[in-house]
Amino acid sequence: MIKTNIDLLVDRLSKRFKRFDFDDRETKQRLTRIALLLGNQTKINIRRQGIVDTSNLFNSIQSKVTSNSDSAVITFGSYGTRYAALHEYGGVFTDRMRRAMFASFNARGKKPKKGKDIIQGGHFRARPYIRPSIIQQRRSIIKILREI
């Protein structure tokens, strides 16, 4: 199995923090900073990708930290938006989806943007906005973890 940069980072951090107390107030604050960094970078990526139409995807971005004395989990992503995975990973664009999209545009009095080549041959092109956030903020994450 080939490990990605994210997998290697997780492995490296897991080995380092086996003996660490995550329940400390200062540690939670720093982990919350990481969560906010990732959430904000994800919102920046949505704007850069031009995915903002109704702002539902943008407003669905959430981040939080849960921890106890043994571990900490930083969770961030799109919650409550059905099409978030389609933007992140791409996929098959069905006729039903096309009708729904055009109905949505018509209801709002807008026209779909042309020239972005988002839909080609029945496939919706992936426009990742969550996964790149981790890579883009990697140095900041490592710096904050070193402070801990």
**Message:** Show me the helices (runs of 4 or more DSSP H) found entirely inside segment 1-70 where at least 3 residues are modelled with pLDDT of 90 or more and of a type in the set (S, T, N, Q).
**Reply:** 25-49
**Item:** Cβ-Cβ under 9 Å pairs, at least 6 apart or on other chains, segment 119-148 side touching a residue at least 12 places away in the same chain (Cβ under 8 Å) and at positive phi, far side hydrophobic (A, V, I, L, M, F, W, C) and assigned to a loop (DSSP other than H, G, I, E, B)
**Value:** GLY122/PHE93
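The values are calculated or read from the model by the stated rules, or taken from the named source; none is laboratory data. Quantities reported herein were computed from a predicted structural model and do not represent experimental measurements. Using ideal geometry, Cβ is built from the backbone for each residue, glycine included, and neighbour counts are taken over all protein chains shown.
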